[in-house]
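The values are calculated or read from the model by the stated rules, or taken from the named source; none is laboratory data. What you see is a predicted model, and the numbers here were worked out from it, not measured in a lab.
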Amino acid sequence: MADTDPESKTEEPTGKRVEQARSQGDVPKTMDLPQWATLSAVSGVVLQMGGWLTRNLVPASGAVGLLVIGAGVLLWERRRR
């Protein structure tokens, strides 16, 4: 039985084997590339839209935060009674 451990192979694959592997879709892939692409895209959007985000979303999130805190205080007061 042939040993299939890649570290035990002593010779480079032939051109025919490499072409055969490529035609079957067996090519090396990096798992980090999609994550880096997503991170770059999101960073680009934040950089381009940063001013708009801080002017419009931060005050809205602050108002929502105040509503949540206010609701929590009301619930706390009702429990105390």
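Structure summary
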item	result
Of residues in the stretch 27-48 being of a type outside the set (A, V, I, L, M, F, W, C) and outside any helix (DSSP H, G or I), the one farthest from G15 (Cα to Cα)	D32
Failed item, numbered, when A2 is tested on (1) small (G, A, S); (2) more than 33 Å from the chain's Cα centre (by Cα); (3) at pLDDT 75 or above	(3)
Residue match in the stretch 36-53 (condition: within 27 Å of the chain's Cα centre (by Cα) and at pLDDT below 75)	yes
